[in-house]
2 protein chains.
Amino acid sequence: MRVFIAGIDGYLGWPLAIHLSASGHEVAGADLLLRRQWVAEVGGISAQPIASREDRLSAFEERFGKAIDFRVGDLMDYDFVKEFFKDFQPEAVVHLGQMPSAPYSMIDQAHCVGTQENNVINNLNILWAIKEAVPDAHLVKLGTMGEYGTPNIDIPEGFFEVEFRGRRDRLPFPRQAGSWYHQSKVHDSHNTHFATKIWDIRATDIMQGVVFGTQIEEMGDDLRLRTRLDFDQCFGTAINRFCCQAIIGHPLTLFGRGMQKRGFLPLLDSMACLRLAVENPPGPGEFRVFNQFENAYSVTELANMVKAVASEIGLEVTINHYDNPRTELEEHYYQPDRQHLINLGYQPTRDTRSVLRQMMLDLQDNRERIEAHAHVLIPDIRWDSSRRRSEIIG
Amino acid sequence: MRVFIAGIDGYLGWPLAIHLSASGHEVAGADLLLRRQWVAEVGGISAQPIASREDRLSAFEERFGKAIDFRVGDLMDYDFVKEFFKDFQPEAVVHLGQMPSAPYSMIDQAHCVGTQENNVINNLNILWAIKEAVPDAHLVKLGTMGEYGTPNIDIPEGFFEVEFRGRRDRLPFPRQAGSWYHQSKVHDSHNTHFATKIWDIRATDIMQGVVFGTQIEEMGDDLRLRTRLDFDQCFGTAINRFCCQAIIGHPLTLFGRGMQKRGFLPLLDSMACLRLAVENPPGPGEFRVFNQFENAYSVTELANMVKAVASEIGLEVTINHYDNPRTELEEHYYQPDRQHLINLGYQPTRDTRSVLRQMMLDLQDNRERIEAHAHVLIPDIRWDSSRRRSEIIG
């Protein structure tokens, strides 16, 4: 299939280009390379060195024997998106091209507005470009499990049957997102659902858990094909950050009580799930929601898992609790479904420890890069928009 | 109280300035006068002539013996909003300053994106400006009953108790809005709710029905104090459009079967409800949702009511069904609550017919203005983004 990847230079976008190409699909994509700027803005760096766009494309061509149409352009520019779709005629559009960080969106008014403006408008542009250029194409939109928040009931996949005052209906499951970034994804979900109703567009809205991992098998040994891995407070997600901390002997940073539960999944699972969504499109006008994660873990469980694997390779790890810069429940019920992808053939990686082991081996090669940027490991962006470094509380 | 009105030049904003001033409140406000441009863009005109900003302010000062701080400025400009709040120190902020038309938002990509960009960002700016300049101020945010769509169960006021798989929670009621404009209001509701959680802001989110009416009593006989009344396909709402059609002998335009039910309320009820919300603020961090309407009617009931009142003043009216340019259910369950405002003292106008009679008398004076713009009465903006004039189907 012809698959367009919006955000093809990112943590997920680049491995997806490789994974889909290795599976026989034809890939094109766009990226404005903003992620590289944003990480630099907050003082971070990718723990794994990443190649320039040009070197990535050369390495890709050497490995797969074909070129990739990767254009630098802004998804906020409607004409750019529409013309690219007209040229490439994608059968599927995977939309990963957004600002992906909760803390970054919480910095101040400008970052809040910038996040919502970018994410909401570029998703609208993609919906319109599908309608006007490739109306039969299937949109696979990356959302987040964080759209749901932490309700005190099970979390179904997008919709639920409700009885209220003696009548019944099937309704969208209420979203209670916990940052301006997560809210932008909620807005996208509403807009995407509406577009499927009025234009008969096909869409899959992916509520993805937190991804961890340094590589996928199809990258082989060519380091130019590796994806980025961030560990700063904005773009470094929990397990990736923990692994980097373990490598340099920095205490793992749990926020508050550390009992927050979330869905997590290895990078290879994320790639397999996105491929399954692409290869199994819904019908015209259908709006599917997939909860996409391997399993739900508390942050404490994950920290203990990282500690155990680290000790197997000779690294001693301590775990510290820091005062929580976020406004969130630290103990809560959490029981999300994830049956839709299983039904399509998703086989969750059971061996999370071997993924963690590979990550730590990859990251050990980059110990000096992490050490040189260790100052980004302690958060200071608070949900009340003040800036204050978190202190150890236990 | 000091009340700031965002959108003070609009159909609701201007009467609210008068109503609140007459009730002893001190009013200031901002407007970029875009509504005047948008109506002209779609070929419309206010059926009642409206005074310029300068003449409005002179008439206001003559009537109330005090000036009003009404600045022309853009709510998308954060510094403008924040500085104005710092100067005026509002205790309540009523946010009516948005693009309010469903069909206008459905015209094309640019109008869709423009609507969401304007509405989402200016609401974020107001939230941030409250947080940073007047954190104790109460935001009264105008939303719409259209945020809920037409679910097959009762519509509570913002939240409901749900039982799901044997567990219970109180959750936001799911929103299923039917246009890009209505979706923008859903996004605002989510953002506003989130702001109350993280910043302890006070907010009332008004899910308002469709407003009709040409004046409120406090305007007296000074025509310079009258508010606008639109009848074009974009900015003319159902009853206002029906009354204008009745005046010039144009058939009333029902879309499709005309069994669509919505909440409606006279302009004077809207003013009274907004005043009640302002005068009874919630506590810090509280997010209240008010469903605000006098009663739920089907469009056919309203057309028949307009026809009956018109015949009392000697106007013969026919009612025609046109093919529906919108994608919407034409027959559906509709049972929304509206208890919160009643609890605060709202007494719904029971005598809708006398409101309609006054409207028609006011509009008869402007028959020629309406006749000269009768071409805007038949819709051609379709929900699939094509343009085709609706035809009579019965």
Nearest residue to the symmetry axis between B and A, taken on chain B by its Cβ, in whole Å: B:His187, 2
Three-way shape call for the range B:71-208 based on the alpha-carbon gyration tensor, with the a/c threshold at 1.5: oblate
Residue by residue through the range B:246-260, the couplings from Karplus 6.51 cos²θ - 1.76 cosθ + 1.60 with θ = phi - 60°, in Hz, x for Gly and Pro, are 4, 4, 9, x, 8, x, 5, 9, 8, 8, x, 6, x, 9, 4
Projected-area average for the protein assembly as shown over all orientations - Cα convex hull basis, square nanometres: 32.4 nm²
List the residues, sorted by chain then number, that are 5 or more residues from B:Leu229 or on another chain and whose placed amide H is less than 5 Å from its amide H. B:Ala47, B:Gln48
When Rg is the radius of gyration of the Cα atoms in the range A:6-142 and Rh is its Kirkwood radius, what does Rg/Rh come to? 0.97
Using helices alone, what [θ] at 222 nm do you get for chain A, with -39,500 (n - 2.57) per DSSP H run of 4 or more residues, divided over all residues and rounded to the nearest 500? -11500 deg cm²/dmol
Only sites in a loop by DSSP and with at most 13 other Cβ atoms within 10 Å count here; which trypsin sites (Lys or Arg not before Pro) in the range B:341-383 make the cut? B:Arg350
As a test, work out the antiparallel percent of DSSP beta bridges whose residues both lie in chain B, rounded to the nearest 5. 25 percent
Options A:Ile378, A:Tyr297, A:Ala67, ranked by Cα towards positive dipole end of chain A, top entry (Cβ charges): A:Tyr297
Note to self: C-alpha centroids of the range B:1-59 and the range A:1-50 sit apart, in Å, by 49 Å
Where the only charges are on Cβ atoms (+1 Lys, Arg; -1 Asp, Glu), what is the dipole of the range B:179-282 about its Cα centre, to the nearest 20 debye? 420 debye
Ranked order, B:Phe287, B:Phe4 - accessible area, probe 1.4 Å, largest first: B:Phe287, B:Phe4
Pick from A:Ile342, A:Ile153, A:Ile206: which residue has the top mean-square fluctuation in a GNM of chain A where Cα pairs under 10 Å get a spring? A:Ile153
Quick one: among B:Val317, B:Val72, B:Val162, which has the greatest mean-square fluctuation in a GNM of chain B with alpha-carbon springs under 10 angstrom? B:Val162
Residue farthest toward the positive end of the dipole of the protein assembly as shown, with Cβ of Lys/Arg at +1 and Asp/Glu at -1: which of A:Cys273, A:Asn366, B:Val113? A:Cys273
Highest GNM mean-square fluctuation among A:Asn320, A:Asn280, A:Asn291, for chain A with Cα springs under 10 Å, belongs to A:Asn280
In terms of solvent-accessible area of protein heavy atoms at a 1.4 angstrom probe, what is the ranking of B:Thr192, B:Thr300, highest value first? B:Thr300, B:Thr192
Taking H placed 1.01 Å from N in the peptide plane, check which residues at least 5 places from A:Gln292 or on another chain put their amide H under 5 Å from its amide H. A:Met207, A:Gln208, A:Gly209
Rg (Å, one decimal) plus Dmax (Å, integer) for the alpha carbons of the range B:297-394? 17.2, 46
Need the C-alpha centroid separation for the range B:141-169 versus the range A:75-147, integer Å. 28 Å
Taking the Cα centroid of the range A:238-295 and of the range B:176-214, what is the distance between the two, rounded to the nearest whole Å? 31 Å
Would you work out the charge dipole size for chain B about its Cα centre, treating the Cβ of every Lys and Arg as +1 and the Cβ of every Asp and Glu as -1, and quote it to the nearest 20 debye? 600 debye
Jot down the per residue volume, in cubic angstrom and as a whole number, of the convex hull over the alpha-carbon atoms of the range A:127-178. 131 Å³
Could you check how many percent of all C-alpha pairs in chain A are farther apart than 37 Å? 17 percent
Nearest-0.05 FRET efficiency for A:Glu161 and A:Ile342 at R0 = 22 Å, using Cβ-Cβ distance, is 0.60
Using a 7 Å offset from Cα along the direction of the beta-carbon, what are the separations from B:Glu286 to the same position in each other copy, nm, ascending? 4.7
Roughly how many Å² of B:Asp9 are accessible to a 1.4 Å probe, to the nearest 10? 10 Å²
What number comes out for accessible area per residue over chain A if the probe is 1.4 Å? Units Å², please. 34 Å²
Interchain or long-range residues, amide H under 5 Å from A:Glu26's placed H: A:Arg2, A:Val3
So the label point sits 7 Å from Cα along the Cα-to-Cβ vector; using that for A:Asp136, what distances do you get to the other copies, in nanometres, sorted shortest first? 6.4
Report the relative contact order of chain A, percent, no decimals, based on alpha-carbon pairs under 8 angstrom and at least 6 residues apart. 20 percent
Which of the trypsin sites (Lys or Arg not before Pro) found in the range A:61-160 are loop residues per DSSP with 16 or fewer other Cβ atoms within 10 Å of their Cβ? A:Lys66
Per residue of the range A:218-229, what does 6.51 cos²θ - 1.76 cosθ + 1.60 with θ = phi - 60° give for ³J(HN,Hα)? Whole Hz please, x for Gly and Pro, Karplus curve as stated. 5, 6, x, 9, 6, 5, 5, 8, 4, 9, 6, 8
Run through the range B:288-394 and list the chymotrypsin sites (Phe, Trp or Tyr not before Pro) located in a DSSP loop whose Cβ has at most 16 other Cβ atoms within 10 Å. B:Tyr333
Separation in nanometres of the label points that stand 7 Å from Cα toward Cβ, at B:Ala374 and A:Thr318: 8.6 nm
Please go through the residue pairs A:Lys185/B:Lys185; B:Lys66/B:Lys185; B:Lys86/B:Lys141 and name each one whose alpha carbons sit more than 23 Å apart in this structure. B:Lys66/B:Lys185
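The values are calculated or read from the model by the stated rules, or taken from the named source; none is laboratory data. As the structure is a prediction and not an experimental result, all values here were calculated from the model. Glycine also receives a Cβ, built like all others from the backbone with ideal geometry; neighbour counts cover every protein chain displayed. With ligands, DNA and RNA removed, areas are computed over all heavy atoms of the protein, side chains included. Shrake-Rupley method; radii C 1.70, N 1.55, O 1.52, S 1.80 Å.
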